[in-house]
Every structure is written in C-alpha cells, then in structure tokens.
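Single-structure report; data block below.
Nothing in this text is a laboratory measurement; each read-out follows from the coordinates by a stated rule. Everything quoted here is computed from the prediction, not taken from an experiment. Every residue, glycine as well, gets a Cβ built from its backbone with ideal geometry; the counts of neighbours run over all protein chains shown.
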Amino acid sequence: MELSGKQRAHLRSLANTIDTILIVGKDGLGENLIKQANDALEARELIKGRVLDNNLDLDARSCAQALAEKTRSEIVQVIGTKFVLYRMSHTVPAEKRIKLPKAAKKADRA
C-alpha cells in the first residue's frame, strides 16, 4: 500500500506526539530488532525509531528502508537520525485503528 501525500501528512502529525520506541544501535538490524519492530507495528500501527551515532554502517534513511522491507511497512518520515514507520494492524479492533484520509484519485490526462 502506497501512502498518498495527504495520508503521509496525517501520519506525520500523529507521530509528533509519540515516543521513540525502536533504537538501532551498533549491532544494526538484527533478528531481535526486526521482531521488536513487527510486534510494535502490530500493536501500535505507527512507530518512531532512532539510529544511534555509534552505528557507522547505517544512516536513518537506509535503516528505515531496510526495516520497511522486512516488516512490510511504509516509511512515513525520515529526519536526521529519526524515522517513522506505519503498517495497518489486523489485530487491533477497527474502531481503534488509525483512520487515514482518503487518497485523492489521479485524474486521467489526455
């Protein structure tokens, strides 16, 4: 699922108030970190992560891209050493899920 600009902006505004729960340290993206990200995405749908300065191999963008691929999530935002990921949860009741604005339809141009 590709996020539209309007949906991404909505998720960015929600991400302002959440705490960083995922920290990528010098060990990089191990299996435990990926499992932690999967569990957090399933429980919260929107998570904020941070790449520590002692991680010389990965920057925030490449870390977010790798995590997004492995967790089947979407990158919402990357700023400095922080990143935000989103994935719709299937275990959270529908009334408690994050409600995204409708994506605008692209007009066909002739």
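Being free of Cβ contacts under 8 Å to residues at least 40 places away in the same chain, in contact with an Asp or Glu (Cβ under 9 Å, 6 or more places away or on another chain) and more than 23 Å from ILE98 (Cβ to Cβ) is a condition met by at least one residue of the stretch 45-58. For the stretch 53-93, a residue qualifies if it is more than 11 Å from the chain's Cα centre (by Cα), of a type in the set (A, V, I, L, M, F, W, C) and farther than 18 Å from ASP39 by Cα, and the qualifying residues are LEU56, LEU58, ALA60, ILE79.
With the requirement that a residue be hydroxyl-bearing (Ser, Thr, Tyr) and either exposed (fewer than 11 other Cβ atoms within 10 Å of the Cβ) or closer than 15 Å to ALA68 by Cβ (or both), what does the stretch 1-47 give you?
Our first condition is that a residue be hydroxyl-bearing (Ser, Thr, Tyr); within the stretch 1-47, this holds for 4, 13, 17, 20.
Matches in the stretch 1-47: SER13, THR17.
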